[in-house]
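This report refers to the structure that appears directly beneath it.
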Amino acid sequence: MDDISLVEARRDHPDRLRPPTSAGKPRSYVLYDTLSFICVLALFVFSAYALVLELRASSREDVDAMELTIHAFQSAAFAYTGFLAASNTFHWTRLAAVQKGIILLILWAVYMYCDVWPLATYSRTPADTHEGIILWVKVSLLTFAAVVLPLISPRRPPPGIPVWDATVDQTASILSVVTYAWMDSFIRFSAKLHATNGKLEQEQLPPLPEERHVDYMVEASYKYVDPIKAEVDDHKRKRWNVAWGLLWVFRWEEALMGTMVALASFASFMAPLSIRHILAHIENGPDGETIRPWVWIAALLLGSMTVSFAMQFYHYVSTTVVMRTQAVLTQLMYDHSLRMRAKTSKAKSTGKPRPREAVSIAKLISAAVGRILSFVPGTAQAKRAHPDEETHEDMPAINNLVTTDLKTVTDASTFLWLVFLETPLQIALSLYFLYQILGWSTFVGVAVMVVLLPFADWLNDLARKYGKEKKQQSDQRVTLVIQMLKNFRTVKLLGWEPEQASSVEAKRVEELKLTRKINVTQIWMNFIKTFIPLLVMLASYATYTLVMGRELSASVVFSSIALFEILRAQLGFLLFRIPILIDGKVSLDRINRLFRESELLDQLSHPDQGVVPPYEQGEDILIRNARFTWTDTGATAHLQDNPQFCLNVTGEVRFKGAGLNLIYGPTACGKTSLLMALLGEMHYMPAGADSFVFESRSCARGIAYVAQEPWILQDTVRNNILFDTPFDEERYKKTLHACALGPDVEGWTKRDLTDVGERGVTLSGGQKARIALARAVYSHCPIVLIDDVLAALDNSTVMLIVNRCLCGELLRGRTVVLVSNNVAVVRPHADRVFGMLPGGIIRSDETCPDKLAEKCAFADNLLGDASSFASSTVVESSRSMSDVDSPTKVFAVDAWEAIRLAEDVPSAIPETIKACRSVQPKDSPRASSWLLVLTNMSAHPVLYWLLFLGALLLSNLVVNAQFWLLGYWAKQYSHGPVSSVSVSWFLGLYSALLLAATISDFASRAMHMSGSLRACAVIHRKLIQSVLGTTLRRLEQTPTSQIIARCTGDIGAVDGQIVPFLFTLLDYTAFLVVRLIMVMVVAPVFTIGVAVVAIAGTICARVYMAAQRPVKQEEAGTRAPILGLLNTTLAGIVSVRAYGVQERFRQQMYGRIDRWTRASNTFFNLNRWMTVRVDTMAALFTVSLAIYLTYFAKLDASNIGFSLSMAIAASTKVFEWVRTFNALDLAGDSLDRIEEYLEFEREDELMGSGEHGYSKELAEFESQNPDWPANGDLEVRDLYASYGEPEQDPIALKGLSFKVKAGERIGIVGRTGSGKTTLTLALLRCIPTNLSSYFGSRFPQMGEVLYSGVSIGSLDLPLLRKHITTIPQNPELLAGDIRKNLDPFSEYEEPELTRALLSAQGLSKDDPRAQDGLKLSTKISGDSDLSAGERQIIALARAMVRKSKLLIMDEATSSIDHATDERIQNSLREHLARDVTVLTVAHRLRTICDYDKVMVLDAGRLVEFDKPAILLAREDSYFRRLVDDSPEQEREALYAAIRRLG
């Protein structure tokens, strides 16, 4: 019954109750309590009346005193329950309701046994027939009061929850809970929403009960699962196991799950027993049967419904536990990440992991039991699982733990009761009942099964072995794809597309080879699973007839078939589930390692440090005689073979409070580490008795921190700056003005409400740095730590930042510590200056030698270009302001009052800004996307599908023919003596059918395997080619995470979901069609029944799928924000802790987890809703067929048994078919997304393609032109370029013409937005230019660029980029080692690589400093492992290795100190060939002062191009203005250097 119609609902929220206008409880409760009272009162009246009649009869004749006593007891019981019902009507209590229910159930059970059960037998009569009609009135009333009313009455909410605040599932009736009828209103709403193409909002989902909110669960469970909250010591923490805590938290749920599994296990045997007795009644009539056939038919229905309800309730509780477990552990791991040290790791093991042994099923069971026992403290298994010595392996990444490992653990947890209770129980009961039917011949069949199982077990283990290898191969491919896409700019600019595509394709081929092995193994496993049960039945029946000399009958055959199927299924489940449990234990161990071995911050790992006095604003920051390392275990921060970095502070270092403190020093000397030490991120070790260090936790208002790599949230510009602090418009505008963001805000269409994208992808490097600086400036933190923010800014912006920000009013009175090598600009304004030396030694400037101070001072540079290479293409193409057309517009905002925010420009305000957007339901996947799979399975798809479907149908026909043959065999015994039945003939025919079934099944699976592997290979190849072949603009506009998801997650869905689901769906379809047709052949009248069930099932399935699709999409959409927040937090963990906003981020995670839990809860409940209804329809169909065949059909027992077996088998697959179809439909979204990416525009078509086409090998051109390029000659004629369509986006380069001779070094300078980076991209044809015929007509005129005498417009793009090397300002590195970064495709010898790496550092092989420098073996796990300067050195070395005749450097040494830069420039002059042309984009004018020529760009035009000395001599030259804008000391040095060299 639908409780929504019985319980008042709020108008504002249909899933919560609405308080009445007057005091009292809901009317529905009053209604049901009143009905209960009336029924009990009527029962009391009838019982009292019967008692009176008995007393009157006793006065006339002898009456048994026991009967009088029973009547008196009944009357008293009904009187007491009436009293309880009356009291509940006015004042409900849980105790009274429980007592009333128990008493009524006991009385009902007595009446059922005494008066109803005798009607089901042939020999007994009801005990109270003398009461006449009163008896049946009492039975009806008692059934209604004891059974019906409790089932349909709304439940009271759990204690402590007011009825008006309870959710519908907390107040739904028992019947509504077990049938999920309380979901009906939402399903109707969701289906209607889907039909009208509406979108499902999170608030429209059924609400979560209070106990499922993550904050409630954290409060209730952390004291059991969190070692920090549990306050365990270090020894106990090393033994901590989160599983025991979870088992205790969910102990009642686990007990309920065990009860449901046991109930379902017993009920599953009612079907075979019912079939046996029904068929025995048909064979022999009432003789030998004591129970009427309708009872067994009812038992068939009751057993099926009990199994369905019990298992669905088990899954309901199980999924609830799974969701709550995932929520708790996700939040726990997130909280743990907030207290872990930023750079913590363990030393790697030098040994290789042991391969998994091939084991038998006995060993599998033993291993599983041993692993379970390893949880129990004190057992031998626990001692072996937790040895005293520490294991040395890499600490697993939290991202992987939250995604892969957590899902593996929760998936395994759902099988615990099934493996350790359901399987043993059902195997034991199957053997018992089979023995009752077949006698000892049962054990012959079981012996055959046991003999063959090791082979199946061996295949299973082989499949797991291949699966593990395939997973490793998939991980390698995915890692390569992720690395390729994260470094797509490098791949594009260096022309690595063909090599990268080949590398990925090679990994894919290896992956599919292992997939083929797995599929072949699975085909043999399915062959065995099909062959074993048929062979077991053959052995059992042959023994039963030939050896034991017994006759087969329909009741024996079909009941034993059902029991053999149960036995086979459980043994198959055992092989499937135990490896999942083992994998779950492995993942659980990985999660436990996070809590046991991760290194915590000093304030958590050493909580005995005492209370720290609060920091007073303006107070000095002091460090005295201290040493700092990244770990407290002596392990390296990121390199095992490198010495441990140690930051040494000798003596006293005092940073002036309420002042500006400057830190400078050479590359990789430890400047950033010093800031980390101030933030408490490094491990502090006293270096003396008077050692002291500033405690970051003493600053209650947090510390504002600006990282060298700016940490940008995926949000609007405003929210990035506010960082959840209150909005103060005046302070906000002043902050924008101080950080030189006014012109940027003016240029953005949505002003400061512009979404910056993932990791700030829509921003330039300078914009990201200034937004991160603005966040610190806007905050009210008394301490501000700034790490080299000036390195990403041009000279004019640097001067603005220094004057407006560092010396402005917003930082006045705050303690500022700035790391920068821009000493000349900052030093005049600094209160204190500190120099750092190599080796992590810091000294005050007063103790620093004068020469060092002067040398560092001269290192002041004009740094960076705001439109740096890393993201300039995005910025210049996406912003609407034409900075290239109007250079004076860049600094048009001169006062903070003039800045206009989004509110000041109505058109700039977006219609909606939401943190988590609702998911728009989509229609089913397009037919064209399905054709990607269906048409690529074979070169001749029509013939392929005809053969495949034919084999599939033939396999199912032959299998069912075997069952019919067994029935026909049994029927022969009823037609004559045993000797007339040719057992050998039937056995031979059965064996032939057995062979045909296995061969046809093998053939269909082999054909599908071959076709699916071909389709998977083709789809992956097309996707990689499309991604690598599209434009740089497309890759920059598309979030990298989405491209990665297409190439990894969606390809994985094709491999692991779409392809296997497609076969499963077709197999289920053939299974159902064949069996239903056979039912209709035996009982033609039931064609109507099949049609009715098909129509009802179709309607139900359509409603279910329409409701589930938007819920599934919402569930998928709510999972991503959890991972996004986790990744964002991990990326900016230092900033989060510095600002002291951990609790704020925890609350955000609470909200996101609750949203995901709410959607997941609804999704799982929809599955349960559908399952119950399909099971009910299937059970009713089977029971209707049983009634018809038993009472109305004139058929023999064999045909009836065959029909019932077919109907029962079909009923078990109906929901599986619906669920598989729905899963395939949902997985088809991956095909849609892949097809969208296959439609990307191709770069070679837009930018122009050479004669050989994009996909041709480069060897053809190189063989025809072996000496090209012969030199670095470069001639540019009338070059125009734009970042988008020339009609829509402004032209960035306007008719550039110049000529560069081979070997010349050209410096390219200009203000922000002048087109410097644009020129480098145009030379590589990464943006639309007038060199392409596609875009040429859209520019004023066609142009031409000649490189070594060849027009680059006629060259293939990979060929062109292969012979031009670009070094960006922010180089991207590949994970691995430096050798891999210099030579990713193994094309060069090691001596050549070593020489290039030393030259890039400005060192020689004999230089003693080379021992401490970068080496080819230096490991790199990411960009954060190395400083920005070190990454630029590696990019320089890579350029030297490539030996291109044209080298383009885009601020390639901006993050390198002056001394190293000078050595690198000298090395370039020495090691580059004389015919190599160098184009250098620079703001460091000192870098290019000795270049042959300087090119000055302004607004996309070439305004000057001559020698530096000549340009400097002109008083009105642009170049001279740039030099004059430099600080005085730098200006004088530049004048002197240029005149001397000129």
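Placing a label point 7 Å from the Cα of LEU95 along the Cα-to-Cβ direction, the residues of region 125-160 whose backbone N falls under 18 Å of that point are 159-160. Sequence-ordered 3J(HN,Hα) estimates for region 1388-1395 from the Karplus curve with 6.51, -1.76 and 1.60 and θ = phi - 60° stand at 10, 7, 4, x, 5, 5, 4, 5 Hz, glycine and proline given as x. Derived scalar couplings between HN and Hα for region 263-278 equal 4, 5, 5, 5, 5, 5, 8, 6, 5, x, 5, 5, 4, 4, 6, 5 Hz in order, rounded to whole Hz, by the Karplus curve 6.51 cos²θ - 1.76 cosθ + 1.60 (θ = phi - 60°), x for Gly and Pro. A cut-off under 10 angstrom between Cβ atoms defines the neighbours of ALA704, and their net charge, with Lys, Arg +1 and Asp, Glu -1, is +3. Estimated at 0.36 nm per residue, the fully extended path between GLU652 and ARG1474 surpasses their Cα-Cα distance by 290.8 nm. Here is the link list: LYS468/LYS507; LYS492/LYS1445; LYS1415/LYS1445; LYS1299/LYS1507; LYS1405/LYS1445. Which ones come out longer than 20 Å on Cα distance? Result: LYS1415/LYS1445; LYS1405/LYS1445 exceed 20 Å. Per the Cα gyration tensor, region 414-498 maps to an equivalent ellipsoid with semi-axes of 54, 16, 7 Å, ordered largest to smallest. Each of ASP215 and TRP248 was given a label point 7 Å from its Cα along the Cα-to-Cβ line. The distance between the two points is 2.6 nm. From the alpha carbon centroid of region 200-223 to that of region 493-536 is 41 Å. Size descriptors for region 1074-1174, from the alpha-carbon set: Rg then Dmax equal 23.6, 77 Å. In region 83-163, the inverse of the mean reciprocal separation of distinct Cα atoms equals 14.6 Å; this is its Kirkwood hydrodynamic radius.
The equivalent ellipsoid that matches the C-alpha gyration tensor of region 688-836 spans semi-axes of 26, 18, 15 angstrom, in descending order. Each Lys or Arg adds one and each Asp or Glu subtracts one; over the other residues with Cβ under 14 Å from the Cβ of MET449, this totals 0. Charge tally around ARG1168: other residues with Cβ under 14 Å, Lys/Arg +1 each, Asp/Glu -1 each, net -1.
Quick one: order TYR684, TYR216 from most to least accessible surface, probe 1.4 Å.
Final ranking, largest accessible area leading: TYR216, TYR684.
FRET efficiency for the SER1354 to GLN1037 pair, using the beta carbon distance and R₀ = 35 Å, is estimated at 0.80.
Ranked by the mean number of other Cβ atoms within 10 Å per residue, highest first, peptides 1382-1395, 36-49, 1149-1162 order as 1149-1162, 36-49, 1382-1395. Here each label is just a point 7 Å from Cα along the line to Cβ, and for LYS513 and PHE1298 those points are 5.1 nm apart. Residues whose amide H comes within less than 5 Å of that of VAL1494, counting only those at least five positions distant or on another chain, are GLY1307, ASP1506, LYS1507 (H built at 1.01 Å from N in the peptide plane).
Between the amide H of ILE1448 and those of THR1365, THR1366, ILE1367, LEU1479, distances stay under 5 Å, these residues lying 5 or more places away or on another chain, with hydrogens modeled in the peptide plane. Taking 7 Å steps out from each Cα toward its Cβ at ALA1270 and SER991 produces label points 8.3 nm apart. In this structure, the pairs whose alpha-carbon distance is over 21 Å, taken from LYS733/LYS768; LYS734/LYS1316; LYS1112/LYS1213; LYS733/LYS1316; LYS486/LYS513, are LYS734/LYS1316; LYS1112/LYS1213; LYS733/LYS1316; LYS486/LYS513. Label zone (ARG1409, point 7 Å along Cα-to-C-beta; backbone nitrogen cut-off 17 Å) within region 1470-1497: 1470-1471. Set the Förster distance to 35 Å, then compute FRET efficiency between VAL30 and LYS199 from the Cβ-Cβ distance, nearest 0.05. Step by step, r from the Cβ atoms, then E = 0.35.
Remark: the VAL148-ALA1096 segment gains 338.7 nm on full extension, using 0.36 nm per residue and subtracting the alpha carbon distance. Near the amide H of TYR705, within less than 5 Å, lie the amide hydrogens of LEU785, all on another chain or at least 5 residues away, with H placed in the peptide plane.
Taken one residue at a time, the phi angles of region 1104-1119 give Karplus couplings (6.51, -1.76, 1.60, θ = phi - 60°) of 4, 5, 5, 6, 6, 4, x, 5, 4, 5, 5, 5, 5, x, 8, 6 Hz. Gly and Pro are set to x.
The values are calculated or read from the model by the stated rules, or taken from the named source; none is laboratory data. Being a predicted model, the structure only gives us computed values, none of them experimental. All Cβ positions, even for glycine, are placed from backbone atoms using ideal geometry, and neighbour counts span all protein chains on display. What goes into the accessible areas is simple: the full protein's heavy atoms, side chains included, and nothing from ligands, DNA or RNA. Shrake-Rupley method; radii C 1.70, N 1.55, O 1.52, S 1.80 Å.
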